[in-house]
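Everything on this sheet refers to the single structure shown next.
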Amino acid sequence: MTRITIDPVTRIEGHAKITLALGDDGQLESARFHVTEFRAFEAFCRGRPVWEMPSLTARTCGICPVSHLLASSKTGDAIMGVQIPPTAEMLRRVVNLGQIIQSHALSFFHLSSPDLLLGWDSDPAARNVFGLMAAEPELARRGIRLRSFGQSVIEAIAGRKVHAPGIVPGGVAHPMTAETRETLRAGLDEARETAADTLAMFVEMLGRFEREIRAFGNFGSLHLGLGNDAGTWEHYNGHLRFVDAEGETVADHIDPADYRQWIGEAARFDSYLKSPYFKPLVDGDGEGAGSKGDLLAGVYRVGPLARLNVCTTMGAPLADEALSLYRERAGGTANSSFFYHWARLIEILAATELMGELLADDAIEHDVVRARAGINQRHGVGCSEAPRGTLFHEYTVDEHGLLTDVNMIIATGQNNLGMNETIRQIATEWIDGPDIPEPVLNRIEAGIRAFDPCLSCSTHAMGQMPLDVTLVDSGGAVVARRKRS
Amino acid sequence: MQAFLVIGYGNELRGDDGAGRVVADRIEAMALEGVTVRSVTQLVPELALDLVATDRVLFVDADVTVSEPVLRRLDGCHSDDTDPGALTHHVTPEVLVGLTVALEAQAPDVVELLSLPAASLELGSPLSPATVRAVDRGVALIVEHISAARQGETTKR
C-alpha cells in the first residue's frame, strides 16, 4: 500500500492533515481527514461560573467567537430561566449577521477565491490571497472591505471584533446608540452591492467548474439547520429540522434541548474531531456492520449548504432571487459540497438585507436589553447557527452556577463525516496511480475548504502553514516528498 | 501633522505574547493627538485599510530573541513582500505593508517595528516581570519617538 499525507492542510482555520492510502494497484483504498489539534475546552470549563462561559468559550475560536458567545449566552438564558428582552434578541441577531458576513467573506475572498479565480492548476506560489490581489485588485479590495464591515458590526454591538464581551446571559451588555445605528446603516449599501456583484460573478464562472460540482463531495446525505414555522432562513432561534437529499423533511420541530435524542457523537481513533451522526439511522455506536450499524448511514451536513436546503425562502427579496437560481441549477436540493461557496454568497446577501430591516426598526434603540436572574435551572442547552453550521452548548451547573459538565457540538465536527466522503470522492475522481500532481492535491484540500472548517484557531500561530506531502510505500519507506513553504 | 498608527498585536492568553497589545492599550489611553491605535490578536489583511490612511505605522510585537525593547525601521517593504505561505494565521508587518501596496499602490512613508522581550509564551494571562518592565520602557519609548517626530516636523517647517 502507498500512503500519501497532506500535512498540514492549508488555507483552513486550524491544523489538520489528510491521508490517502493507495493499494498495490495504485487505486485509492481510503481517504481520511485528521484533526491534529487537541483543545479539551469542555474539560477545562468545568468549575467555572456560568456567567463566565460566554467570554471563556469565545476563546474556543478567534474566527467565529461571536457564535460561541451567542450559544453560550443562550445556554445561560436557559439556566437563569429568563426570556430576554425583544431588543436584546434584535441586537443578537444583528451581531450574528455581522459574524456571518465577516466569516463568509474570509472564506470566500481570502481562502477559496485563489482557487476559483486563479484556477486549480495555476502556480501554487501565486495561488493565494496576494496572488488574487495582483490579478483582481478591485475584487480583493471589496472583499476586504466587506469583511471589515462585518467586523465593525461585531465591534459596535459586542464591544470588540474578537473575543467581544458585549453578549451576556440575559441579553446584551449595552443598548445601541443612535450614532452606532446610523454608522452601521451607512455601510450596508456597499456591503450589499459587494455581495450581489460577487454572487453574479460566481454564477458567471460556474461553467468552469462542472467537474468540481460533480465530484466535490456530491453525495446524498441529510442536512440539518435551524427552522421556523414561516419556513424562512433562520440563524438564531427556532427548532431543529433535518431534511434528506431530496429535500423531504426527516425530522422537524425538534427542541434543540433534545438534541441528544437525535444526534450521536462517535470518537474515531485517528482524529481529535468527533463525528456526530443522525442517531435514528445508526444502531449502537456506529461501529457495527449493515445499514443501521454503519456510521455513514447517519451522515448529515450543516452550514450554508444545509441551511439553504432546510429553509423555504431566505425572507429577503434579493437573496430569494438568488436562491431560486441556485435551486434551479442544483436541481432542487443542493447535494454537491462545491455549492457551499454559492450558498455562502447568498447568505452574505441575505445578511445585509435582514440587517437592514433590523436596523430600520426604531425598537433596536430601546434601552431594556438585559434580563437578570440567578440560577433557576441546573441544566441548559443553547443553540444558534454559526457561519459554519449549527452550534450546540450544553451546561450542567451546581447551586452556585459553577459548571459540573459541559458539552459542545461544533459545526465542523458535524461535517466531519461529510468531509471524509468529500476527499474520498475527489481522490477517486482525480487520482490514477501514485504520481499525483500538485493541482490534484490542491483539489483535495479545496474539497475540505468548501466546508470552511474551523479547527479552533484561537492559539496564536507561531509558524507558517506549508503543504507537506509525503509518499510512503507499503513498507513505510518515503519514496517521494514535496514541500510547499 | 503626520498621522501615526500604532498596531500592537499578540495573544493575551499566551503570557508575554500579549505584550504588544498591552503597550497599544496604554498608548490608546493617552489619547495622543494624531495617533490612531489598534490592539489586535494577529495581523489580518483588513488592517491594510488602516495603513492606507496613515503616514507612519509602528508595529509592536513580543519577541523571544531580544532582551531589551528594540525599535527599528523596516525598510524596503513593497508589493513583493507577499509570502505565498502567508495566510490569515501568519501575516508579518512586511507582508501587511506589501499587501497594502498591492491593493492601493501606496503605503505609509515610515514603517517601524518595536520588539519587546518575551520570556514566557505559556498559557496564562500575566506578563512576566521582565516583560512588564519592558512594556513600561516600550510605552515611554513610543511617546518619546512620536514627540521627536513631531519636533522634526516643526523644524522642517
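Tabulated data
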read-out	value
Residues of region B:96-144 that turn out to be of a type in the set (A, V, I, L, M, F, W, C), within 14 Å of another protein chain (Cβ to nearest Cβ) and open to solvent by 20 Å² or more (accessible area, probe 1.4 Å), as a count	6
Some residue of region A:157-179 being modelled with pLDDT of 95 or more, surrounded by 23 or more Cβ atoms within 10 Å (Cβ to Cβ) and assigned to a helix (DSSP H, G or I)	no
One residue from A:228, A:128 being of a type in the set (S, T, N, Q) and out of contact with any Pro (no Cβ under 9 Å at 6 or more places or on another chain)	A:228
Region A:131-153: number of residues that are open to solvent by 50 Å² or more (accessible area, probe 1.4 Å) and under 20 Å from the mean Cα position of the chain (by Cα)	0
Count of region A:209-265 residues which are on the phi < 0 side of the Ramachandran plot and not in a loop (DSSP other than H, G, I, E, B)	35
All positions within region B:7-66 that are open to solvent by 40 Å² or more (accessible area, probe 1.4 Å), under 25 Å from residue A:105 (Cβ atoms) and in a strand (DSSP E or B)	B:36, B:38
Residue A:105 vs. criteria in a helix (DSSP H, G or I), away from chain B (no Cβ under 14 Å) and either more than 20 Å from residue B:39 (Cβ to Cβ) or not small (Gly, Ala, Ser) (or both)	no
Odd one out for residue A:437 among (1) at pLDDT 55 or above; (2) touching a strand residue (DSSP E or B) at 6+ places or on another chain (Cβ under 9 Å)	(2)
Number of positions in region A:131-145 that are within 7 Å of chain B (Cβ to nearest Cβ) and touching a Pro at 6+ places or on another chain (Cβ under 6 Å)	1
Pairs, first more than 21 Å from residue A:440 (Cβ to Cβ) in region A:121-142, second open to solvent by less than 40 Å² (accessible area, probe 1.4 Å) and in a loop (DSSP other than H, G, I, E, B), C-beta under 6 Å, six or more apart	A:130/B:82
Subset of region A:109-130 that is at the interface with another protein chain (Cβ under 8 Å from one of its Cβ atoms) and more than 25 Å from the chain's Cα centre (by Cα) - its residue that is surrounded by the most Cβ atoms within 10 Å (Cβ to Cβ)	A:124
Checklist (1) within 14 Å of another protein chain (Cβ to nearest Cβ); (2) within 24 Å of the chain's Cα centre (by Cα); (3) among the hydrophobic types (A, V, I, L, M, F, W, C) applied to residue A:94, failing item	(1)
Within region B:23-37, considering residues that are of a type in the set (A, V, I, L, M, F, W, C) and farther than 9 Å from residue B:60 by Cβ, the one nearest to the other protein chains (Cβ to nearest Cβ)	B:37
Lone qualifier among A:329, A:372 - being open to solvent by 10 Å² or more (accessible area, probe 1.4 Å), of a type in the set (D, E, K, R) and closer than 23 Å to residue A:447 by Cβ	A:329
Verdict on residue A:69 being modelled with pLDDT under 80 and within 30 Å of residue A:400 (Cα to Cα)	no
Hey, residue A:70 open to solvent by less than 10 Å² (accessible area, probe 1.4 Å), aliphatic (A, V, I, L, M) and within 21 Å of residue A:341 (Cβ to Cβ) or not	no
Verdict on residue A:363 being modelled with pLDDT of 95 or more, in a helix (DSSP H, G or I) and surrounded by fewer than 13 Cβ atoms within 10 Å (Cβ to Cβ)	yes
Residues located in region A:336-358, provided they are open to solvent by 10 Å² or more (accessible area, probe 1.4 Å) and free of Cβ contacts under 8 Å to residues at least 60 places away in the same chain	A:357
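The values are calculated or read from the model by the stated rules, or taken from the named source; none is laboratory data. Note that the structure is a prediction, hence the values are computed from the model and not measured. Note that we place each Cβ from the backbone using ideal geometry, even for glycine, and neighbour counts take in every protein chain shown. Protein only, heavy atoms only, side chains kept; ligands, DNA and RNA dropped before computing areas. Shrake-Rupley method; radii C 1.70, N 1.55, O 1.52, S 1.80 Å.
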